[in-house]
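Undergrad: Can you read through this structure? Questions will come right after.
The values are calculated or read from the model by the stated rules, or taken from the named source; none is laboratory data. These numbers come from a predicted model, not from an experiment. Here the Cβ is made from the backbone with ideal geometry for all residues, glycine too, and neighbour counts use every protein chain on show.
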Amino acid sequence: MYTELRLALRDLQTDFSSFHLLKYRRVDGFLFSSKNSGTHWLRAMLSAAIAHHLGLPPPAFANGPEADVYIRHPKRPRRYEQAPDIGCSHTIPSRLSLLPFALGLMSLPPTVVLVRHIPEALVSYFVKWSANGGHGELGALPQFVRRPAPGARSGDDIWWYVRFFNRWGEISRMAKGRVMVVRYSQLHADPAALIARIWAHWGVALSANDIAAGVRAGSRQSMTERLDPVWNEAVVSDPAARAKARLADEDRVLLWSIMARHLRYSLWPGRYPLA
């Protein structure tokens, strides 16, 4: 009961502070993603595809400010006015900001929500920010997994993921047809099809050559070669570090019990997958 109360209070705080959807509603489309769910990878592919489609230069780097040329936080200035204006964020929106859309007073821009199996995303987050100095002190992996509710403001624990999934689950049910949920596993399975589907959701029909340019930009070699040398953020994981970070059986059981109890919307068909 104590955990539920703390989560409810954290959600209430968000309801009175996170008005991203209203503030930036004039964009042509949104990309919202849960953390460490392949955002840089997907954005690199989508950006290269639209650049090819419009005959414009692709982003110079796969991370840092120059990666944000086509898909960026909406508060940053647009580079190319002829390109669709796509906003990108990890935002958990306020429920109050949804009222104008729910009442039909405004139309939610076509929105894509990228998610990943939560335990995998948590481990990926841990590896990334341990390599980059962390948001504060992450501690050991078991300690990180066991952070108590309600979730840190920086959004770096199981409770943030639960809140992100639940809120975007509510929105996707409310705004049917406007919210397209995509999953990290789909990036691996068929990136070309995903690039085409997402840009179609945003109102752009791509050619086969546009899509091929996007797929090439998303290769591990391309992403590694185009890392900004002055931007200290490891967006391509070190395979050795990733292999060392393994959840113990008791950690997996704990995460599953939290998800089973608190996830109202899994954003996956059927029950939330165990693996």
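Undergrad: Could you grab the pairs with beta carbons closer than 8 Å, sequence gap of 6+ or different chains, first residue in segment 41-65 and within 14 Å of Arg78 (Cβ to Cβ), second one assigned to a helix (DSSP H, G or I) and among the hydroxyl-bearing types (Ser, Thr, Tyr)?
TA: Going by the 8 Å Cβ cut-off, the qualifying pairs are Pro59/Ser47.
Undergrad: Please find, among Pro74, Pro100, Pro84, the residue that is in contact with a strand residue (DSSP E or B) (Cβ under 7 Å, 6 or more places away or on another chain) and modelled with pLDDT under 95.
TA: Working: Pro100 fails: in contact with a strand residue (DSSP E or B) (Cβ under 7 Å, 6 or more places away or on another chain); Pro84 fails: modelled with pLDDT under 95.
That would be Pro74, the only listed residue that is in contact with a strand residue (DSSP E or B) (Cβ under 7 Å, 6 or more places away or on another chain) and modelled with pLDDT under 95.
Undergrad: Considering only segment 72-126, state which residues are among the hydrophobic types (A, V, I, L, M, F, W, C) and without any contact (Cβ under 8 Å) to a residue 60 or more places away in the chain.
TA: If the condition is that a residue be among the hydrophobic types (A, V, I, L, M, F, W, C) and without any contact (Cβ under 8 Å) to a residue 60 or more places away in the chain, then Ala83, Cys88, Leu99, Leu103, Leu105 are the ones that fit.
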